[in-house]
Amino acid sequence: MSITECAEHDVWLTRLANHLKEERYGCCVPSYRLYARRFLSYLQNEGLTVQTARPSDVGIYLNALRARRKSDHRARSSKYLRASHRSAVHMLLRLVHGQWPPAPVARNERERFHDGLIGEYDTWMRDLRGLATTTRSARCAEARRFLEWLAGRGTQGRLASITVSDMDKYVEWRASAMSRRGLKSAIGHLRGFLRHLHRSGRITDIGSALMSPRVYTLEGIPSAFRAEDIDKVLSYTRADRRPIGLRDYAMLLLLSSYGLRAGEVVALCLEDIDWEHDRLTIRHSKTGVCSDLPLLKAPGEAILDYLRRARPKTRSREVFVRATAPYRAFRSGGGLYAALQERLKGAGVIPQGRRGPHAFRHARAVSLLKRDTPLKVIGDVLGHRSMQSTMAYLKLDAETLRGVALEIPGVAP
């Protein structure tokens, strides 16, 4: 290795170490630096540079590392070391490239056409429809999947030739690995994309001919935790006085007290809590509206306990952050799902239906229904825009439903 290359490697390794320290990583700093140095040496031996490294290069390197570890019986767990090497390498490459893995680059004219078409569609949805980022992302993903399925017909010159028969084949292909409800959603996304293509003069109006499976209104029964199960989970979590326990307890109290969505809990910011007036501002992730709610005593005390005793120092404005470095906000409500599974397991609670955070939301609806709370009030608490959304929870009030059920002649009660 030349002096220049050695100096360049040292620069990147120093930047990596500084980044790890800024993000408050602990004892892993020396090992991450070592793993990154080994990767840089590998690139040097292959005639590559860190600036030109691609995901395939990383994959080859990690596979070779795994093979060597498997042949060495004295080595530590190959799975653990592979994860550590991958984390160190990815962190180094994010510093070099700005993001990792890098955004895919179109390899041919057809892929460039796809990128332009999807970009145009996304801009139209954002500027003219005002759709949320998550909605646009789902619709763009379905549009890209359809264009890739078209293969050679998904070009600028042949796109106008697609027919209703082609759409039927695509839907049949998608249906092979999707539920009825999921397929209905996918067809809805595809129909929107086809209508955009028709408006722009690229195809005929074939989107209106798409048939989606019938999904009956309120056909499903929401899953809800029992009150005793919620009490067990909260008691078990409250007994955990570690920082992660204080955090999880506060989040679970928000779920059980307000019936919030997981994404709304993790998106809660410090400025959303008005301690002086005991008010809580919730930005509802699904509808985009804000609710101004009273800050109840138990959730308020739990949040305050977490902020004072457990929340790590971080620049994030979100109330709840990761319990390990890097101390950042959760990317989505999925982080709360993982935390809940650990608490359910520890409390010995085995739910009958679904076991995600949404079951807390449904349980809150049940508790309000049992108090004869008007549906409008329940909808306001849950952040619903329409009464139709709240009606689904009526099926959870089993006692009331038994009272209005009709007797069947000849059948014992």
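The values are calculated or read from the model by the stated rules, or taken from the named source; none is laboratory data. Just so it is clear, the structure is predicted and the values come from calculations on it, not from any experiment. Please note: Cβ atoms are built from the backbone with ideal geometry, for glycine as well, and neighbour counts cover all protein chains shown.
Data for the structure
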quantity	calculated
Among (1) over 24 Å from Arg328 (Cα atoms); (2) over 22 Å from the mean Cα position of the chain (by Cα); (3) modelled with pLDDT of 90 or more - the single one Thr237 does not satisfy	(1)
Residues (closer than 17 Å to Arg238 by Cα and either in contact with a Gly (Cβ under 8 Å, 6 or more places away or on another chain) or among the basic types (Lys, Arg) (or both)) located in the range 340-359	Leu340, Arg343, Lys345
Checklist (1) more than 26 Å from the chain's Cα centre (by Cα); (2) in the same structural domain as Glu342 (by TED's automatic domain parsing); (3) at pLDDT below 90 applied to Lys232, failing item	(3)
From Ala250, Ala267, Ala186, residue being buried (at least 20 other Cβ atoms within 10 Å of the Cβ) and outside the structural domain of Glu318 (by TED's automatic domain parsing)	Ala186
Some residue of the range 248-266 being within 24 Å of Gln352 (Cα to Cα), in contact with an Asp or Glu (Cβ under 6 Å, 6 or more places away or on another chain) and modelled with pLDDT of 95 or more	no
Residue within the range 209-217 that is polar (S, T, N, Q) and modelled with pLDDT under 85 present	yes
Condition met for Ala224 (in contact with a helix residue (DSSP H, G or I) (Cβ under 8 Å, 6 or more places away or on another chain) and over 30 Å from Arg308 (Cα atoms))	yes
Residue that is farthest from His97 (Cα to Cα), among those in the range 1-40 that are among the hydrophobic types (A, V, I, L, M, F, W, C) and within 30 Å of the chain's Cα centre (by Cα)	Cys27
Residues satisfying the stated conditions in the range 137-159, i.e. polar (S, T, N, Q) and over 25 Å from the mean Cα position of the chain (by Cα)	Thr155, Gln156
Check on Ser71, under 19 Å from Leu13 (Cα atoms), of a type in the set (S, T, N, Q) and at pLDDT below 90	no
Subset of the range 346-380 [of a type in the set (A, V, I, L, M, F, W, C), touching a helix residue (DSSP H, G or I) at 6+ places or on another chain (Cβ under 7 Å) and assigned to a helix (DSSP H, G or I)]	Ala347, Phe360, Ala363, Ala365, Val366, Leu368, Leu369, Leu375, Ile378
Unique match (being surrounded by fewer than 16 Cβ atoms within 10 Å (Cβ to Cβ), at pLDDT below 90, under 24 Å from the mean Cα position of the chain (by Cα) and outside the structural domain of Glu23 (by TED's automatic domain parsing)) among Arg355, Arg371, Arg331, Arg361	Arg331
Residue among Glu301, Glu276 that alone is part of a helix (DSSP H, G or I), of a type in the set (Asp, Glu) and modelled with pLDDT of 85 or more	Glu301
Subset of the range 9-67 (residues that are free of Cβ contacts under 8 Å to residues at least 12 places away in the same chain, in a helix (DSSP H, G or I) and touching a helix residue (DSSP H, G or I) at 6+ places or on another chain (Cβ under 7 Å))	Lys21
